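For reference, the structure is listed below as structure tokens.
The values are calculated or read from the model by the stated rules, or taken from the named source; none is laboratory data. Please read all numbers here as calculations on a predicted model, not as lab measurements. Cβ placement follows ideal geometry from the backbone for every residue including glycine, while neighbour counts extend to all protein chains displayed. We work out accessible area using only protein heavy atoms, side chains counted, and drop any ligands, DNA or RNA first. Shrake-Rupley method; radii C 1.70, N 1.55, O 1.52, S 1.80 Å.
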Amino acid sequence: MKLNLNDGFDKVLSIMLLKVGSFIRLKSKIAQVTLRDDGSVLVRIERAIEIKGIEKLAMYAETLSLMYPA
């Protein structure tokens, strides 16, 4: 792909505030890939931020990226 664009967010849930000095981890998973009529590809990625030692998620979001062929 020649051009990749951040197309924004579809869902954002800020569940818990982060405290300064917290150890966090971002987990990402490709949820869906869609070939569009113009030849571009839309990729939906699920993202979750976890705080070390806390079971509940701090944030969940779905990001969208557009990829255009060369």
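Of Lys2/Lys29; Lys19/Lys52; Lys11/Lys52, which ones are farther than 18 Å apart at the Cα?
On the way: Lys2/Lys29 22 Å; Lys19/Lys52 11 Å; Lys11/Lys52 23 Å.
Over 18 Å Cα-Cα: Lys2/Lys29; Lys11/Lys52.
Please state the charge dipole magnitude for the chain, taken about the Cα centre, from unit charges on C-beta atoms (+1 on K and R, -1 on D and E), reported in debye and rounded to the nearest 20.
Values: 11 positive and 8 negative charges, 74 e Å.
Roughly 360 debye for the chain.
Couplings for the stretch 2-15, taken from phi via the Karplus curve 6.51 cos²θ - 1.76 cosθ + 1.60 with θ = phi - 60°, read 8, 10, 10, 10, 6, 9, x, 10, 9, 9, 9, 10, 8, 8 Hz in order; Gly and Pro are left as x.
For the chain, the solvent-accessible area with a 1.4 angstrom probe is 77 square angstrom per residue. Counting protein heavy atoms only, the chain has 57 percent of its accessible area on carbon and sulfur, 1.4 angstrom probe. The largest accessible area among Glu50, Glu55, Glu62 belongs to the first residue in Glu55, Glu50, Glu62, and the rest follow in falling order (1.4 Å probe, all chains).
So what is the relative contact order for the stretch 26-70, in percent, with contacts set as C-alpha pairs under 8 Å and at least six apart? List each step's numbers first, then the result.
Numbers: 83 pairs, mean separation 16.3, N = 45.
Relative CO of the stretch 26-70 lands at 36 percent.
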